[in-house]
1. Evaluate the following for B:Ala131: is it at pLDDT 85 or above, touching a Phe, Trp or Tyr at 6+ places or on another chain (Cβ under 9 Å), of a type outside the set (Ser, Thr, Tyr) and farther than 23 Å from C:Glu76 by Cβ?
2. I'm trying to understand the selection: among the residues of segment C:62-78, which are without any contact (Cβ under 8 Å) to a residue 60 or more places away in the chain, surrounded by 20 or more Cβ atoms within 10 Å (Cβ to Cβ) and more than 9 Å from chain B (Cβ to nearest Cβ)?
3. Could you please find all residues in segment A:89-98 being touching a Leu at 6+ places or on another chain (Cβ under 8 Å) and facing another protein chain (nearest Cβ under 7 Å)?
4. Would you please name the residue that is nearest to the other protein chains (Cβ to nearest Cβ), looking only at residues in segment C:203-216 that are without any contact (Cβ under 8 Å) to a residue 12 or more places away in the chain and assigned to a helix (DSSP H, G or I)?
5. So in segment B:32-52, with the set limited to residues that are within 15 Å of B:Ile127 (Cα to Cα) and not in a helix (DSSP H, G or I), which one is farthest from the chain's Cα centre (by Cα)?
6. Let me confirm something: among C:Leu117, C:Leu144, which residue is more than 11 Å from every other protein chain (Cβ to nearest Cβ) and not polar (S, T, N, Q)?
7. So which residues in segment B:58-86 are under 25 Å from B:His101 (Cβ atoms) and aromatic (Phe, Trp, Tyr)?
8. Hey, which of the helices (runs of 4 or more DSSP H) in segment C:81-185, taking only ones fully inside, have at least 1 residues that are over 25 Å from C:Phe47 (Cα atoms) and acidic (Asp, Glu)?
Amino acid sequence: MAELLAKYNYWIYALLLCVGFYGMMTKGNLMKKLIAMNIFQWAVIFYFISIGAKKGGTVPIIPGGHGGGHVVVEATSFINPLPHVLMLTAIVVGVATTGIALALLIKIYKRWGTLEEEEVLQRLRDRDEVKG
Amino acid sequence: MTDRWGDLIIETVARLLAPFLQLYSLYVLAHGHSSPGGGFQGGCIFAASLVLIVLAYGAKEARKRFPEKVNLALCAFGVALYAGIGWLCIFLGGNFLDYGHLSRLLPADPVMARYYGMAGIETGVQITVMAIMVAIFLELLTAGEENG
Amino acid sequence: MGIMAQLPALIVVTPLLLAFLVYLVGIFRPRLSYPLVLLGTSLSFIFSLGILYQVLHSSAPLSYHLGGWEPPWGIEYRIDHLNALVLAAVAAVAWLVVLFAKGLVDREIELQKQPHLYTLLLLEITGLFGITVTGDMFNLYVLLEIASFSAYALIAMGGRGAAFAAFRYVIFGTIGACAYLLSVGYLYILSGSLNMADLKGIIPGLLHSKALLVGFAFMVMGVGIKMGIFPLHSWLPDAYTLAPSAVAALLAPLFTKVGAYVIVRVTYGVFPLSFSVKDYPAAEALGWLAIGGVIFGCVMALAQRDLKRMLCYLIVAEMGYILMGVATGNRTGITGAVLHIVNDAFMMACLFTVVGAIHYVRGTRDLDDLKYLHIQMPLTSAVLVVGGLAVVGIPPLCGFFSKWYLILGAVEARRWGMVAVLLLSSLLNAIVFFRLIERAYLEVQPAEAFVPNGGTHLKVKLDSLPKGMIFSLLLLASALLFLGLFSGTIVKEIIYPFVNGL
């Protein structure tokens, strides 16, 4: 039991994932769906970052660097930088997704005057463009 | 928010803060090698300074300083810088984005040439991100009415 | 020799650079944007043929190290026989659809916005090529998202309900991409590597781990949403129906096929063969999904009146076929799946371009308005017949051969449900297409009953379509025949080396 609780980062990310998923499924307002999608993406980002962490780890930079003389390096105390780098890209992807979705929402609002999914679907059905 | 609010305190504070934000973003870009930072973060902070000006002065004033065509041309320029450095590496004999070969052009050994190559592409990324963030913000603000 | 070695990077970077060039040029001279797009896709097609040539004449897969870093520390572009074949097919279809697209884009989108559409088109093609050539799991995620964003924006450019369909696609697509990213994370935690070839060596030592199974499940779910597997397909009909016709003609054949390639690559190129067949009954579960997809797609296609929507449901059925081939777990079935990826790209491109041409001339996509098509548009009707027969699976067109391998694979795996569904669905497809052909050809009425374009003479020259559209329709139809006649060569030279290496 203690071992399960020690991996609390997985519990947190799973909770956020479920919150995001629930929001996307059940909420009728398109803006709320978008916010829930954002939470969903951020849950995955938190998961990745948490797996790179290490108790008592330090920043993986060699002081002095190139041509600065020889420095003794303890590689085992470095945290893993790869998940951080990957998540920079994923954050950019998340920002771009949010930007596109917001632009689409503006277009939908200008066209139909509402952001409620049920109303938009009703009007589309009335015009026989979308079959449910 | 497309018109000026006319509030003296907000306008003055925005005007005073914006250059410091921009300078800070350049610091973040330059320190990306050895501390958290880099192109994307610097670009966001730079864009934040411009968004601050837009919030204080209104979109119409801001558009006069930062026309949309310049914005989008900057975005394309940033990507061209990034891909151009990559292409340059191919021409100099290496693979795509193999900065070590840049040492033939720059007065540095292959290891430091990688350093400069990375700085170059991060600059391209910063320019693009800044232009795109401001473009997204202004488009969403005016609901796409300004230029469509 | 220098440029031949750089082709894997060039094929991805050239459309990317040209995309921004098209945008810049389009601000000043919008009319120049289309020639640049055509140049970009033609160059990419030539590059892909060069890559195919190189792969066929070398003993090991082409390996290109981005940035000079060796894998597994650096990103690697790795092209073996499977990659090269799918890349050539995608590049060819992209080129033909871009040839086709000019007439429709000129009619549907105003001149000032055309550079935007062409930029997005080139970015989409960049993403699709990148997904096909890359050998790194995270790089695949990035390129998948590039292709997806361009698809969202392209679909939203159609009028009427397109923005809402695109928004739904955004929500669905993001769930899929995040699921894929999660699976990459799980595989990374277990193995410490992101490189596909490296993972192939590490995973057999990890087969007892439950996290590996969860990773595989997330991966299939994520890519399945993008690919349009039943029951994760519900974004597909609305999105591709409401998109502009040229956009649907590009996206519908290509995007789903590239997703199918990713599933084949992950299931058999990263995970070992025994994972899906012996250790966990993953193949069996996928098989049931595939059977459901084929039945659902064929039945729903029968129920549609809108031609484009009918084709979208047929895409779901075709994805079911490919998934069936993957789920058989034996070499014959996988051969059928890979051959079907290539064949279906051309078949669907052919059919979508036909529907686009009908829309261009008659302004309608309704089934009942196909009357007298063979009089007004004889060429288009002929291409429709060729495409329809290919989907049904009549030799010597290409559809027959891939279905043959799929049936053989299903028999070998003793999945009698699959065999029955394959045969039944061919019958359902025949009903769908013979309905179309009957309406187009067999409703003979007096010639005076129909007056196209205000003239009284019915002999319209070359279907009243622009030259680009005619050219690409003819090329697509002859490609179907060509692929069918040369199926044996394709299978022996290209697919067997990949499949026998599993």
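1. Details: at pLDDT 85 or above: yes; touching a Phe, Trp or Tyr at 6+ places or on another chain (Cβ under 9 Å): yes; of a type outside the set (Ser, Thr, Tyr): yes; farther than 23 Å from C:Glu76 by Cβ: yes.
So B:Ala131 fits the description; yes.
2. C:Leu62
3. Here is the first cut: in segment A:89-98, the ones touching a Leu at 6+ places or on another chain (Cβ under 8 Å) are A:90, A:98.
If the condition is that a residue be touching a Leu at 6+ places or on another chain (Cβ under 8 Å) and facing another protein chain (nearest Cβ under 7 Å), then A:Ala90 is the only one that fits.
4. C:Lys210
5. B:Gly37
6. Numbers: C:Leu144 fails: more than 11 Å from every other protein chain (Cβ to nearest Cβ).
One residue alone meets the criteria, C:Leu117.
7. Let us first name the residues in segment B:58-86 that are under 25 Å from B:His101 (Cβ atoms), namely B:77-86.
Matches in segment B:58-86: B:Phe77, B:Tyr82.
8. On the way: elements: C:81-108, C:114-133, C:137-155.
Those helices (runs of 4 or more DSSP H) span C:81-108.
The values are calculated or read from the model by the stated rules, or taken from the named source; none is laboratory data. These figures come from a predicted structure and were not determined experimentally. Glycine gets a Cβ as well: all are built from the backbone with ideal geometry, and neighbour counts include every protein chain shown.
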